[in-house]
Amino acid sequence: MSGPLPVKIDPLHLAQQSACISGTLTLRSMERLCQCLVSSEGQVEASLSFSRDASRQLLITGTIVAMVQMTCQRCLQPVDVDIDTAFTLAIISSEEAAARLQEGYEAYELDTEYLFVKDVIEDELLLSLPMAAAHEDQVACDAVMLERLKPEILEIEAVAEEKPNPFAALKQLKTD
Ligand SMILES: [Zn+2]
């Protein structure tokens, strides 16, 4: 089991050393992400490598693995969503640098010396969440929906039974 990721890093310094950091981050620490999730319990495993390419562009290459719970859009019950994502970010300091950036790189603007690891991981996780989460097995969703509707169906039947039967009055007349 790996330990927690550092909170704040110096990407320039880490790139000089061609360093790689890896560790865990709790879901709870990422508020924006938690707003999209059913539960804030759990953690993510991530690793980040720091380097410079041939044109001296500072790069962060990373992977994130996590299991989160979202709301199934079919049955509205929690659904487990596996996230396994890889990314390459080009750290830039201004919009001008973004314009010069090679195609294929995702720009990450950083105007301070330090980078909060949480911010990078949270952004990437938000990008990798499915637009509409749903259980793989639609039959399971339908079963849940049916189970949820059951009390309402029973109620409708009960109301129907309570209604006086117009023929009951007729029957009464006949016997008299
Ligand atoms: Zn479902």
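The values are calculated or read from the model by the stated rules, or taken from the named source; none is laboratory data. All figures in this text were calculated on a predicted structure; none of them were measured in a lab. FYI the Cβ positions are ideal-geometry reconstructions off the backbone, even for glycines, and counts take in every protein chain you see.
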Practice task
Among the candidates Glu147, Glu155, Glu106, single out the residue that is without any contact (Cβ under 8 Å) to a residue 12 or more places away in the chain and either away from the ligand (no atom under 16 Å from the Cβ) or surrounded by 13 or more Cβ atoms within 10 Å (Cβ to Cβ) (or both).
Solution key: Glu155
Handout entry: Of the criteria (1) under 30 Å from Val144 (Cα atoms); (2) out of contact with any helix residue (DSSP H, G or I) (no Cβ under 9 Å at 6 or more places or on another chain); (3) charged (D, E, K, R), which one Asp84 fails
Key = (2)
Completion exercise
Inside the stretch 126-138, the number of residues satisfying the requirement of being at pLDDT below 90 and either more than 10 Å from the ligand (Cβ to nearest atom) or assigned to a helix (DSSP H, G or I) (or both) is 1
Exercise for the section: Can you tell me which residue within the stretch 64-80, out of those that are closer than 24 Å to Ser22 by Cα and buried (at least 19 other Cβ atoms within 10 Å of the Cβ), is farthest from the ligand (Cβ to nearest atom)? Expected result: Ile64
Exercise for the section: Pairs only if they're at least six apart or on different chains, beta carbon under 7 angstrom, first in the stretch 66-77 and at negative phi, second near the ligand (Cβ under 7 Å from one of its atoms) and part of a loop (DSSP other than H, G, I, E, B); list them, first residue then second. Expected result: Cys72/Ala134; Cys72/His135; Gln73/Ala134; Arg74/Ala134; Arg74/His135; Cys75/His135
Exercise for the section: Report yes if some residue within the stretch 12-29 is charged (D, E, K, R), in a helix (DSSP H, G or I) and in contact with a Ser or Thr (Cβ under 9 Å, 6 or more places away or on another chain); otherwise report no. Expected result: yes
Practice task
Go over the candidates Asp82, Asp111 one by one and state the one that is modelled with pLDDT of 95 or more, under 29 Å from Pro4 (Cα atoms) and of a type outside the set (Val, Ile, Thr).
Solution key: Asp82
Exercise for the section: Report yes if some residue within the stretch 46-60 is among the basic types (Lys, Arg), surrounded by fewer than 17 Cβ atoms within 10 Å (Cβ to Cβ) and on the phi > 0 side of the Ramachandran plot; otherwise report no. Expected result: yes
